[in-house]
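The values are calculated or read from the model by the stated rules, or taken from the named source; none is laboratory data. On a predicted model such as this, the values are computed, not experimentally measured, just so you know. Backbone-built Cβ (ideal geometry, glycine too); neighbour counts: all protein chains shown.
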Amino acid sequence: MTKKSLAPLAALILLASAFSVGAQQSKVRRVGYLAGAPGQSLFFAALKQGLRDLGYIEGKNLVFDYRASEDRDKLTALTSELIQLKNEVIVTQGTATRVAKSVNTTVPIVFGFSGDPVAAGLIDSLARPGRNLTGMTFLSLDLSGKRFELLKEAVPTASPVAIVSTRTHPGEKDEFNETQAVARVLKTRLQYLPVSTSEDLDIAFQTMIKERPQAILTFPDALTLAHREKLAEFAIKRKVPSMFGWKEYVEVGGLMSYGPNLEESFRRLAVYVDKILKGTQPADIPVEQPKKFELIVNLKTAKQIGLTIPPNFLVRADKVIR
């Protein structure tokens, strides 16, 4: 063939390539979001922002289907609904992850999970999930001990310390064991108050009123997050210092928290969604743990309970609420 006859062919190839790229960019993707608590998720907006940063515009090349409930049976039905709507990826938050996994073994799931995903049976390992799930876990046993150390540093005389945790939370026993090991070193007694329901939490409050702990440490998970205002209000009313795992507890009146920034973590989940939409299998995407942790202190709460936080402790805080 001559150069002259090749020119139209080359032009056709370039035109076809441009059309293919344009078609891919304009394709509307569908992403579901399933939250294990009623109402609008605290972190849905962060995920949407992460996807916007990657070029996904809701209403243009992206459709969201948001569903939420704290009822397991309802979550099961909502998962089926998201599948029927042909969502290409389902992002799950907290307890919704285990429900979605039990219903769905084909549609990719990207989770933000506060427990141990291996212990929960969600994945084979952090490095190689091996199934249709991947995402981020916020559980780090090192954090459990560090939170206790920080609480004792701020309130050295606090003993006993009440531990409020959700007994069904994957990894909860390991979290408690790690906390207990640090408590022994610091010669501090613990009052272990595991709960499973809202009613259990009310019973734990009555126990604390009777036994009068000098501080409260609450393990972070979906249940305690849903009742964070009640936990913070109880501690303020009883004038007891409180330590939590995430800043969301401190923003409603908790004394302090140490842990990952969940908004940043859910924004990071957008990268997982993007990879899957571009063809990567969730089984091949390692599960991550946050690498940055924040110490947040609420001085307004400290004043309400009559506690003076040492200046050298405040200097180390990433954020102080006044």
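Is it the case that the stretch 232-239 has a residue that's at pLDDT 95 or above and in contact with a Lys or Arg (Cβ under 9 Å, 6 or more places away or on another chain)?
We begin by selecting, within the stretch 232-239, every residue at pLDDT 95 or above; these are 232-239.
From what is left, the residues that are in contact with a Lys or Arg (Cβ under 9 Å, 6 or more places away or on another chain) are 238.
Within the stretch 232-239, one or more residues are at pLDDT 95 or above and in contact with a Lys or Arg (Cβ under 9 Å, 6 or more places away or on another chain).
Among the conditions (1) at pLDDT 95 or above; (2) outside the structural domain of Thr134 (by TED's automatic domain parsing), Asp274 misses just one, which is (2).
Quick one: is Gly279 touching a helix residue (DSSP H, G or I) at 6+ places or on another chain (Cβ under 6 Å) and of a type in the set (Gly, Ala, Ser)? Can you show your working first?
Working: touching a helix residue (DSSP H, G or I) at 6+ places or on another chain (Cβ under 6 Å): no; of a type in the set (Gly, Ala, Ser): yes.
The answer is no for Gly279.
Checked against the criterion of being among the hydroxyl-bearing types (Ser, Thr, Tyr), in the same structural domain as Trp246 (by TED's automatic domain parsing), over 18 Å from Arg268 (Cβ atoms) and in contact with a Pro (Cβ under 9 Å, 6 or more places away or on another chain), the stretch 139-157 contains not a single residue that satisfies it.
Kindly list, by first and then second residue, each pair from a residue in the stretch 203-223 that is closer than 16 Å to Leu190 by Cβ to a residue that is of a type in the set (Lys, Arg) and buried (at least 16 other Cβ atoms within 10 Å of the Cβ), limited to pairs with Cβ atoms under 7 Å and residues at least 6 apart or on different chains. What qualifies is Leu217/Arg147. Selection of the stretch 178-229 for residues being charged (D, E, K, R), farther than 21 Å from Ala154 by Cβ and more than 21 Å from the chain's Cα centre (by Cα) yields Glu199, Asp200, Asp202, Lys210, Glu211. When Gly50, Gly32 are checked against the criterion of being in a strand (DSSP E or B), touching a helix residue (DSSP H, G or I) at 6+ places or on another chain (Cβ under 6 Å), modelled with pLDDT of 95 or more and in the same structural domain as Gly112 (by TED's automatic domain parsing), a single residue qualifies: Gly32.
For the stretch 269-322, the tally of residues that are under 23 Å from Ala45 (Cβ atoms) and hydroxyl-bearing (Ser, Thr, Tyr) stands at 1.
Residue-by-condition table, conditions (1) touching a helix residue (DSSP H, G or I) at 6+ places or on another chain (Cβ under 8 Å); (2) assigned to a loop (DSSP other than H, G, I, E, B):
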{"residue": "Thr224", "(1), (2)": "yes, no"}
{"residue": "Tyr249", "(1), (2)": "yes, no"}
{"residue": "Gly254", "(1), (2)": "yes, yes"}
{"residue": "Lys292", "(1), (2)": "yes, yes"}
{"residue": "Leu295", "(1), (2)": "yes, no"}
{"residue": "Ala317", "(1), (2)": "no, yes"}
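Is the stretch 55-66 home to any residue that is free of Cβ contacts under 8 Å to residues at least 40 places away in the same chain and among the aromatic types (Phe, Trp, Tyr)? Quick ask: steps written out before the conclusion?
Initial filter on the stretch 55-66 (free of Cβ contacts under 8 Å to residues at least 40 places away in the same chain): 55, 57-66.
Going one step further and asking which of them are among the aromatic types (Phe, Trp, Tyr), we end up with 64, 66.
Yes, some residue in the stretch 55-66 is free of Cβ contacts under 8 Å to residues at least 40 places away in the same chain and among the aromatic types (Phe, Trp, Tyr).
Inspect all residues belonging to the stretch 140-158 and state whether any of them is β-branched (Val, Ile, Thr) and farther than 22 Å from Ser41 by Cβ.
Here is the first cut: in the stretch 140-158, the residues β-branched (Val, Ile, Thr) are 155, 157.
Subset that is farther than 22 Å from Ser41 by Cβ: 155, 157.
Checked the stretch 140-158: at least one residue is β-branched (Val, Ile, Thr) and farther than 22 Å from Ser41 by Cβ.
Does the stretch 227-236 include one or more residues that are under 20 Å from Lys146 (Cα atoms) and in contact with a Ser or Thr (Cβ under 7 Å, 6 or more places away or on another chain)?
Residues of the stretch 227-236 under 20 Å from Lys146 (Cα atoms): none.
No, because not a single residue in the stretch 227-236 is under 20 Å from Lys146 (Cα atoms) and in contact with a Ser or Thr (Cβ under 7 Å, 6 or more places away or on another chain).
Go through the stretch 200-222 and give me each residue that's crowded, with 19+ Cβ neighbours inside 10 Å, outside any helix (DSSP H, G or I) and not charged (D, E, K, R). Those that are crowded, with 19+ Cβ neighbours inside 10 Å, outside any helix (DSSP H, G or I) and not charged (D, E, K, R): Pro213, Ala215, Ile216, Leu217, Thr218, Phe219, Pro220.
If you check Leu255, Leu295, which single one turns out to be over 14 Å from the mean Cα position of the chain (by Cα), under 21 Å from Pro160 (Cβ atoms) and aliphatic (A, V, I, L, M)? Spell out the reasoning first.
Working: Leu295 fails: under 21 Å from Pro160 (Cβ atoms).
So the residue among Leu255, Leu295 that is over 14 Å from the mean Cα position of the chain (by Cα), under 21 Å from Pro160 (Cβ atoms) and aliphatic (A, V, I, L, M) is Leu255.
Conditions tested, residue by residue: (1) more than 21 Å from Lys48 (Cβ to Cβ); (2) crowded, with 16+ Cβ neighbours inside 10 Å.
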{"position": "Glu81", "(1), (2)": "no, no"}
{"position": "Gln84", "(1), (2)": "yes, no"}
{"position": "Thr92", "(1), (2)": "no, yes"}
{"position": "Ser102", "(1), (2)": "yes, no"}
{"position": "Ile109", "(1), (2)": "no, yes"}
{"position": "Phe113", "(1), (2)": "no, yes"}
{"position": "Asp116", "(1), (2)": "yes, yes"}
{"position": "Ala120", "(1), (2)": "yes, yes"}
{"position": "Pro129", "(1), (2)": "yes, yes"}
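Counting only helices (runs of 4 or more DSSP H) wholly contained in the stretch 62-181, the ones carrying 3 or more residues that are among the β-branched types (Val, Ile, Thr) occupy 72-84, 96-103.
Just checking, which of Leu217, Leu186 is touching an Asp or Glu at 6+ places or on another chain (Cβ under 8 Å) and either at pLDDT 95 or above or under 15 Å from Leu255 (Cβ atoms) (or both)?
Numbers: Leu217 fails: touching an Asp or Glu at 6+ places or on another chain (Cβ under 8 Å).
Among Leu217, Leu186, only Leu186 is touching an Asp or Glu at 6+ places or on another chain (Cβ under 8 Å) and either at pLDDT 95 or above or under 15 Å from Leu255 (Cβ atoms) (or both).
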